Amino acid sequence: MPKRKIKEEKPKKRLGKKELLIPPIAMGAAALVALVIIPALAPPPPPHTVCLRGEEGIETFQLHPRIEVIVDGRNMMLPDDVGKQPKDGEECRRPIHTDEVGNVVHIEYIRPVRLTLGNFMDVYNINNTITVVDNSTGTNVERTLNLTDYDIAYSYFSEAGEFTRVASPYETPAFPQDNKMVARIELTSKQ
């Protein structure tokens with residue numbers, strides 16, 4: 001009877017330099033696609049345009065800046081429903097909104113965001129109109145103003161200790177976390 005040859009195990013083949021580099025290169029390429037290419041092709045929507053989910057006040061980032069509205073030299077207040085208009089037929093509370101009549105704006109989001117007076121105007125200005133609350137008689141009276149009937153000046157209280165005018169609400173600095181910034185919207189009738 002012939003003897004069977006015992007098959008000798010071949011030593012394991014060692015990985016070469018090329019094989020060792022494949023996994024890190026693949027992970028780097030995947031990270032590049034996920035973090036750079038996809039957001040560039042399909043960026044997320046601006047924070048002030050999304051609708052918040054859940055109950056009021058549960059977001060981790062919160063600010064309470066002041067915005068003054070002056071119409072023909074008279075101080076007006078913001079209504080309590082700014083940023084709470086329906087979107088696509090459903091109730092929507094945006095990250096920049098008002099909670100009560102006054103001049104305090106509430107900014108809340110899941111992470112820190114940099115919003116400006118321009119972002120507020122995007123939410124506040126609906127079809128070229130804004131609603132203000134007139135309390136000059138002691139009772140709150142809502143007035144809807146057509147912005148085409150007014151010259152509008154935007155400004156913010158700066159470190160210089162005065163209101164600094166800007167050409168556009170987007171040129172104001174982002175609302176700071178110390179809530180000390182005061183932005184101003186001045187409307188003057190064109191008549």
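What the table shows:
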{"quantity": "Only listed residue being without any contact (Cβ under 8 Å) to a residue 24 or more places away in the chain and touching a strand residue (DSSP E or B) at 6+ places or on another chain (Cβ under 8 Å), chosen from K17, K84, K7, K13", "calculated": "K84"}
{"quantity": "Matching option when the condition is open to solvent by 80 Å² or more (accessible area, probe 1.4 Å) and either among the charged types (D, E, K, R) or touching a residue at least 12 places away in the same chain (Cβ under 8 Å) (or both), among E162, E186", "calculated": "E162"}
{"quantity": "Among the residues listed as I70, I37, the single one being under 28 Å from Y170 (Cα atoms), among the aliphatic types (A, V, I, L, M) and either open to solvent by 40 Å² or more (accessible area, probe 1.4 Å) or assigned to a helix (DSSP H, G or I) (or both)", "calculated": "I37"}
{"quantity": "For Q191: the one exception among (1) modelled with pLDDT under 90; (2) assigned to a strand (DSSP E or B)", "calculated": "(2)"}
{"quantity": "Restricting the stretch 121-155 to residues that are in contact with a helix residue (DSSP H, G or I) (Cβ under 7 Å, 6 or more places away or on another chain) and at negative phi, the residue that is most open to solvent (accessible area, probe 1.4 Å)", "calculated": "D122"}
{"quantity": "Pair list, Cβ under 6 Å, 6 or more apart: the stretch 127-150 residue in contact (Cβ under 8 Å) with a residue 12 or more places away in the chain, other residue open to solvent by less than 60 Å² (accessible area, probe 1.4 Å) and charged (D, E, K, R)", "calculated": "R143/D134"}
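The values are calculated or read from the model by the stated rules, or taken from the named source; none is laboratory data. Everything numeric in this text was worked out from a predicted model, so none of it was measured. All Cβ positions, glycine included, derive from the backbone under ideal geometry; neighbour counts span all protein chains shown. To get the accessible areas, we keep the full protein, side chains included, count just its heavy atoms, and leave off ligands, DNA and RNA. Shrake-Rupley method; radii C 1.70, N 1.55, O 1.52, S 1.80 Å.
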